[in-house]
Amino acid sequence: MQKKIVFLCSGKGSNFKAVVEHIRAKNLDVEIAGLISDNSSAGALDLAKSFGIPTFVIPFEKYRQEKEKFHLEMERVLVELAPNLVVAAGYMRILPTAIINRFVNRMINIHPSLLPSFKGLKAIEQAIAYGVRYTGCTTHFVEEGIDSGAIILQSIVEILPNSMESDLTAKIHAKEHKILPLSVEYFLTDRLDVQGRKVIIRE
Ligand code: GRF
């Protein structure tokens, strides 16, 4: 049966774009059922419209005093769309347990560091400040705990002594645009086997 995918995005949406382009270029058999954003001015929304993908805005600002309602609304939209896979492509909020539990081993996140180092916000700044020689990006399944689920793919970027944060960010983004589409492809083609913390990628 054809699978369904839904994206969660808060920002620009360059990772979302990379995944959609990969799905289309590879002709993967999946329905892109929608993009949900918590930010009504997210660039990802314009991209989705240009791709002809349905958009759903649940503006966090509107629910600032009522986080529970915000999450219930997001859960309602997700249940209605009934995706097999949810991709958090630059979604900047912590998801509630109720949503995480609905998508165990079916929700993928992209994070701009080599996890488990530098979890949470400003991961690239954290890596520079710490003085590591290498950083990168990671795709992983979402579980409770920030950026802590089983790792699918990682890609390395060297931090040179004179690396500017903007250059490093661009290099990491370029790697993200490779590992996120690939992770989604592996999921859609049933190649990912989660065994505890380990994700086996079948040939
Ligand atoms: C990426 O760096 C991703 O790792 C992080 O948020 C950023 C999203 O960028 N979670 P974009 O919206 O995909 O351009």
Problem - Under the Karplus curve 6.51 cos²θ - 1.76 cosθ + 1.60, θ = phi - 60°, whole-Hz ³J(HN,Hα) for segment 195-203, x wherever Gly or Pro sits - result: 10, x, 7, 9, 10, 8, 9, 6, 5
Completion exercise
Counting only protein heavy atoms with a 1.4 Å probe and every protein chain in place, the carbon and sulfur fraction of the accessible surface of segment 62-203 in whole percent equals 53
Completion exercise
Per DSSP, the loop-located GluC sites (Glu not before Pro) within segment 4-82 having at most 12 other beta carbons within 10 Å are Glu66
Problem - segment 77-174: trypsin sites (Lys or Arg not before Pro) in DSSP loop, at most 10 other beta carbons within 10 Å - result: Arg133
Problem - Residue of Gln126, Gln154, Gln65 that the Gaussian network model of the chain assigns the largest fluctuation, springs spanning Cα pairs under 10 Å - result: Gln65
Fill in the blank from the handout: Net charge (Lys, Arg +1; Asp, Glu -1) of residues whose beta-carbon lies under 11 Å from that of Pro83, Pro83 excluded, is +2
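Between their Cα atoms, which of Lys12/Lys171; Lys178/Lys198; Lys12/Lys119; Lys67/Lys175 are more than 24 Å away from each other? Can you show the working numbers first?
On the way: Lys12/Lys171 16 Å; Lys178/Lys198 21 Å; Lys12/Lys119 20 Å; Lys67/Lys175 33 Å.
Beyond 24 Å between Cα atoms: Lys67/Lys175.
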Exercise for the section: Show the residues, 5+ positions off or on another chain, whose built amide H is closer than 5 Å to the amide H of Gly149. Expected result: Glu143
Problem - DSSP-defined beta bridges in the chain - what % are antiparallel, rounded to 5 - result: 45
Problem - Probe 1.4 Å, accessible area per residue of the chain, Å² - result: 52
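The values are calculated or read from the model by the stated rules, or taken from the named source; none is laboratory data. As the structure is a prediction and not an experimental result, all values here were calculated from the model. Note: ideal-geometry Cβ built from the backbone for every residue, glycine included; neighbour counts use all protein chains shown. SASA here: full protein model, heavy atoms, side chains in, ligands and nucleic acids out. Shrake-Rupley method; radii C 1.70, N 1.55, O 1.52, S 1.80 Å.
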